[in-house]
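Report on the following structure.
The values are calculated or read from the model by the stated rules, or taken from the named source; none is laboratory data. Remember, it's a predicted structure, so these values are computed and weren't measured experimentally. No Cβ is skipped: glycine too gets one built from the backbone with ideal geometry, and neighbour counts run over all protein chains shown.
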Amino acid sequence: MRDDTQLQIAKSPEPSAPSQAQTEEAESSRYWKATSGYTYREMVRTRQDAGNQGYAQQEALLTTLMKTEQRALGRPLEVLEFGCGFGRHASYLASTEGIRYHGYDFSEPMMEPLRQAPPVGLGPVEERLFCGPDALTAVGGRTFDVVFTVSVLIHNPPERLPGLLESLGKLVRPGGLLCLVENQLVPFGVWENAWHQGCWLHPYAELTPAGWDLHHGGGLLATHDVYVLKRNASQTRRFFQLQSVEQPRDERQALTLESLHVQSLPRLRAWTEHAGEVLRAGDGLQGMRVSELSERLSVELKRSERRQRLLSLSDELVHLRAAPPEAARTPAAPPASRYANDTVAENVVVDAPLDTTWAHVDPRLSRVVHIFHQEWYGIRAASGYAPGHKIGITANRALTATDHRRIVETCETLGARSIIFQGFSPNALEVMHMLRRVFGSAIRLCCVWHGSTAQFHFDFELETFSRLLTLREQGLLDAVACVKPEMHLMSPLLFQKVLLNLPPRIAREDQRHRAPLTRAAFVPTPNNWWKNFYSNVFVAASLPGMERVFVTSPFTARQELPLRASVINVGHLNRSELFNLIRETDVVLNVTLAECQPMTALEGLAHGVACLTGPLTLGTLDEHPFQRLVQVAGTGSLGQIRSALERVVGLRERSPEEYAQMLEDYTQMLCDQAINHYLEFAQP
């Protein structure tokens, strides 16, 4: 959106007859003030669904720019989006680590979706979102490290641009940047079309104020140019080529205004050809408006149809429970241990702090929603660290029609394109049916099975795995993936790659890659035979130099089996307590007889604490020196566990920098692969 500040413009020769520019400005302002943010958001998403890649390119570019500036600054980056609208860029920037997002718009209806459902990290809303006719007044004298616009200034006539750029400059702190993602370079201002009641192409090189540098990035985006402006000490205008937003202040390639005019000729030629087509068509202006109205009508019809389906959810739920189809058979009862956690207070939670505080952020996955069970601790952690939005449901009691309505409305509000069910239950199955009935094929439904064939010993696991394949074959699910490698060999219906869990996103000050030894170890496994609990404890507690071994399960010491270290049972830990304990240790031991991707290993990795595991079979990741350091081939061999423990502790003590770099390199490699696999699987 755009600022509605009134500027002092020379009076018209005929005061009673407003100029064309003033009339168009008024029409454009009325358009945006009357447009619902919900409607416009749906229009944007419809274009994305139709294959428009421009939006994703803009989001990736802005994310890179903000992260670059934050790293250079070394503190949280204060960012203002001028023309935030319904919150397309807020949806991912607000939750990006190190970025404090703020949004301004002059249209309250356009901002309503953002105010009603602010993204994670955008709070308190009254201190981060501003609305009013003038941006400088609305933000209350605040200034920002980066101010940016995306397709906002194009909706302002040329007469307003000098004043708007002056206002934007006042919002930028000394040393900060103004980033404009706007029309491609032109040598002078021209009217482009009547879309959204007026679009103009502006000559930003000509409009650059004195005392500012303009870094022009042509070709960085398919449909827009990028203009990065910063102050200089010379009080003159200087121009540079912007090769990459990772180097937004690079002055190695200076330009002249004349050379920029030459660069602008292709866009001017394209405008001329388009203008000729409009003139030849005769009704070009009317055709544009008809096209836009048709798009809005289509969007409103879709929203109306979804609202009608939402109203009938209660009847649908009764019907589903009264006569479930063959594909909806209730799975066998799960083992009690899967439901052993305390009963949760709410049937449905959305983007709860536990599920978002340590999540990775990737704008390409911002329209993915993970649905998981609040009681399933490990799977909830895996879901919580992945990019995307989070909906936690209960596994212990039936969901109500109100719960289903909330889930569906949340998915609509978030503009979800892919839903990933992390785990499966009767409640999850009902939600799958409800989402499919409301959204049809407009949404992609996926499910991740977090088990392995070793768990087929439990009827519940075998029945669940079989049911997911049936649902995939019948079309209720679009994709099914596993976290155990090579499971696709069992069925061609499975996603061919292993879905990798991500480690939590931990602040650097909480990492201890290079911290001195504490002479403590941590064994987080339950006390049962397949988790190899006693093997891990005995090896850790008998290692020379080890002083403390923390456990979360009961441990019985024997006089006949003397131990060097104290074994301390800390009991059940919440997530923060677990992380604090990991930071107190040198190594985590999770060498089990059957494992997929142990979350405690990933949580240790994120904190700079290596975790011993059995073979995980993670493809190319297995060849990394870190995996060779921590994996134990003979999980039942005390000697092999002991050797691996000595390797880890010895390397950490002998060469802490080598140890730290190995963990950091592996973490980056794992995260890159995990994100790429999620993108292939979810197809958002």
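Structure data summary
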| read-out | value |
| --- | --- |
| Residue 561 surrounded by 14 or more Cβ atoms within 10 Å (Cβ to Cβ), on the phi < 0 side of the Ramachandran plot and either among the acidic types (Asp, Glu) or more than 24 Å from the chain's Cα centre (by Cα) (or both) | no |
| Condition check for residue 235: at pLDDT 95 or above, in a loop (DSSP other than H, G, I, E, B) and not β-branched (Val, Ile, Thr) | no |
| Complete set of residues in region 490-506 that are closer than 21 Å to residue 613 by Cα and either over 32 Å from the mean Cα position of the chain (by Cα) or of a type in the set (A, V, I, L, M) (or both) | 498, 499, 500, 502 |
| Candidates 594, 610 - the one that is more than 31 Å from the chain's Cα centre (by Cα) and either more than 16 Å from residue 523 (Cβ to Cβ) or of a type outside the set (S, T, N, Q) (or both) | 594 |
| Test set (1) in contact (Cβ under 8 Å) with a residue 60 or more places away in the chain; (2) more than 17 Å from residue 146 (Cα to Cα); (3) buried (at least 18 other Cβ atoms within 10 Å of the Cβ) - residue 261 fails condition number | (3) |
| Residues of region 506-520 classified as farther than 21 Å from residue 658 by Cβ and touching a strand residue (DSSP E or B) at 6+ places or on another chain (Cβ under 9 Å), total | 1 |
| Filter pass, residue 509 being on the phi > 0 side of the Ramachandran plot, under 31 Å from the mean Cα position of the chain (by Cα) and not hydrophobic (A, V, I, L, M, F, W, C) | no |
| For residue 414: the one exception among (1) buried (at least 23 other Cβ atoms within 10 Å of the Cβ); (2) within 21 Å of residue 359 (Cβ to Cβ); (3) touching a Ser or Thr at 6+ places or on another chain (Cβ under 9 Å) | (1) |
| Qualifying positions in region 412-422 - more than 15 Å from residue 479 (Cβ to Cβ) and either of a type in the set (D, E, K, R) or at pLDDT 95 or above (or both) | 412 |
| Selection status of residue 674, closer than 20 Å to residue 452 by Cβ and in a helix (DSSP H, G or I) | yes |
| Those residues of region 643-684 which are without any contact (Cβ under 8 Å) to a residue 12 or more places away in the chain and among the acidic types (Asp, Glu), in sequence order | 658, 672 |
| Region 343-371 residues that are in contact (Cβ under 8 Å) with a residue 12 or more places away in the chain and closer than 17 Å to residue 396 by Cβ, paired with ones that are aromatic (Phe, Trp, Tyr) and outside any loop (DSSP other than H, G, I, E, B) (beta carbon under 9 Å, 6 or more apart) | 371/421 |
| Residue check for residue 228: more than 20 Å from residue 157 (Cα to Cα) and surrounded by 22 or more Cβ atoms within 10 Å (Cβ to Cβ) | yes |
| Residue list for region 536-569, restricted to those being of a type in the set (A, V, I, L, M, F, W, C) and over 17 Å from residue 519 (Cα atoms) | 555, 557, 561 |
| Residues (on the phi > 0 side of the Ramachandran plot and buried (at least 17 other Cβ atoms within 10 Å of the Cβ)) located in region 600-636 | 608 |
| Out of 518, 585, sole residue that is β-branched (Val, Ile, Thr), surrounded by 18 or more Cβ atoms within 10 Å (Cβ to Cβ) and under 37 Å from the mean Cα position of the chain (by Cα) | 585 |
| Breaking point among (1) closer than 20 Å to residue 36 by Cα; (2) in contact with a helix residue (DSSP H, G or I) (Cβ under 7 Å, 6 or more places away or on another chain); (3) in contact (Cβ under 8 Å) with a residue 12 or more places away in the chain, for residue 125 | (3) |
| Selected residue (only one of 6, 57, 53 is at pLDDT 90 or above and either in the same structural domain as residue 387 (by TED's automatic domain parsing) or surrounded by fewer than 22 Cβ atoms within 10 Å (Cβ to Cβ) (or both)) | 57 |
